[in-house]
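First comes the structure, then the notes that go with it.
The values are calculated or read from the model by the stated rules, or taken from the named source; none is laboratory data. All values reported here derive from a predicted model rather than from experimental measurement. Glycine also receives a Cβ, built like all others from the backbone with ideal geometry; neighbour counts cover every protein chain displayed. Heads up: the accessible areas ignore ligands, DNA and RNA and are worked out on the full protein's heavy atoms, side chains in. Shrake-Rupley method; radii C 1.70, N 1.55, O 1.52, S 1.80 Å.
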Amino acid sequence: MEVKVRNGTVGKGNKKRILTREDEILAQKIAVCLNLKQPILIEGESGLGKTEMIDFISEECQWPLSYLNCHDMEPDQIMGSKTLDNSTKSGFGYKAGALPIGIEEGHLTILDEYNFIRGETRAVLTEPLDALLRKKTQVKNTFNDGRMIPVHKNFRLIALQNPPGGVYGNREVLDPPQLSRFVHLRLNDMSKEQKISRTHGEFGIKIPAFRKQDKIIATGDWDQFDDIAQVKLYIKKYVEFSVEFDELVKIREIGSTYEQPIYTSFQREFDRVKQFMFQYPQEDLTKTFVKAVSFYYFNKITTTQDKTLLKALISKHFEGGESGGTQSEDCESENDSKEDV
């Protein structure tokens with residue numbers, strides 16, 4: 001899969017899109033997760049362009065898109081339902097919902113208003129999510145007599161939601177089992193600079209380019225992980241890091257301002273870090289671990305205070321320091337670059 005983001009104004013036909021720095025950062029993050037076949041939950045205020053970005057990626061990749069606005073949607077609207085069919089012996093047939101079609105035909109499937117879904121409706125999404133997490137080849141469809149749906153290699157799932165609380169008080173706070181199934185991309189509100197960039201783009205004014213060193217690119221070789229003793233050392237470092245991060249969340253030093261709390265699942269987080277390491281190895285194991293850990297953990301937070309604490313934590317465990325290191329800063333910098341994945 002290749003997602004190419006060009007600086008400034010892009011579009012096909014009569015469709016014009018203005019891509020700011022923040023848009024290109026988001027495109028890179030989504031592309032990495034899609035390439036690693038990881039379900040994504042994008043959380044942010046209305047008007048940030050979450051849906052537009054998915055449309056853009058779908059167009060650039062020529063990827064069939066299934067879109068479901070899940071506000072007040074019933075389970076059978078997602079999974080399908082029984083219908084009358086005089087051509088069958090039973091007199092009944094089955095009309096597939098958007099999700100089974102997306103699974104079988106390999107669509108980029110979007111679940112909008114995810115935390116607006118009623119609990120009983122969201123429950124039907126558990127098995128498709130697990131299919132991605134566990135690399136299953138089939139999913140059981142209980143809405144069609146338990147028949148198995150083959151999982152297409154191109155099937156991906158992206159959920160979108162507004163943050164709960166405040167003006168979005170009718171959105172639910174997701175529980176740990178739900179949230180931990182996703183790579184959680186928590187977006188900042190639109191900054192003054194981003195608003196200026198968007199208006200500049202409308203008048204054809206070029207938006208500044210990204211720093212080349214901020215790109216996430218596939219480099220190196222899997223053979224660099226042959227030093228088992230060093231790998232064991234860094235696994236120990238990662239465990240110690242994750243324990244301390246969870247403790248900071250527990251005592252509310254990190255994540256105290258978010259209506260949707262931070263949840264982590266050790267095995268799921270480590271599996272994601274491991275996948276990232278193998279797909280995007282850097283020139284040495286330290287930089288590879290820092291890049292992988294930074295990618296997932298910085299996406300969970302938005303405030304300057306939380307970012308400062310996380311930089312220090314990564315530096316402490318992986319770089320031997322007590323303050324933010326250069327590698328962790330590169331991974332979460334507001335100047336992160338566009339990416340071809």
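Can you give me the ranges of the strands (runs of 3 or more DSSP E) entirely in segment 15-105 with at least 2 residues that are without any contact (Cβ under 8 Å) to a residue 60 or more places away in the chain?
By residue number, 65-69, 80-84, 92-96.
Restrict the check to segment 322-331 and report whether at least one residue is more than 26 Å from D189 (Cβ to Cβ), at pLDDT below 85 and in a helix (DSSP H, G or I).
yes
Give all pairs with beta carbons closer than 8 Å in which a residue from segment 124-137 that is charged (D, E, K, R) meets a residue that is open to solvent by less than 10 Å² (accessible area, probe 1.4 Å); count only pairs at least 6 apart in sequence or on separate chains.
Matching pairs, first to second residue: E127/V139.
Search segment 252-281 for residues being open to solvent by 20 Å² or more (accessible area, probe 1.4 Å) and charged (D, E, K, R), and hand back the single one that is farthest from L174 (Cα to Cα).
K274
On the phi < 0 side of the Ramachandran plot and either among the hydroxyl-bearing types (S, T, Y) or open to solvent by 20 Å² or more (accessible area, probe 1.4 Å) (or both): is that true of L285 in this structure?
no
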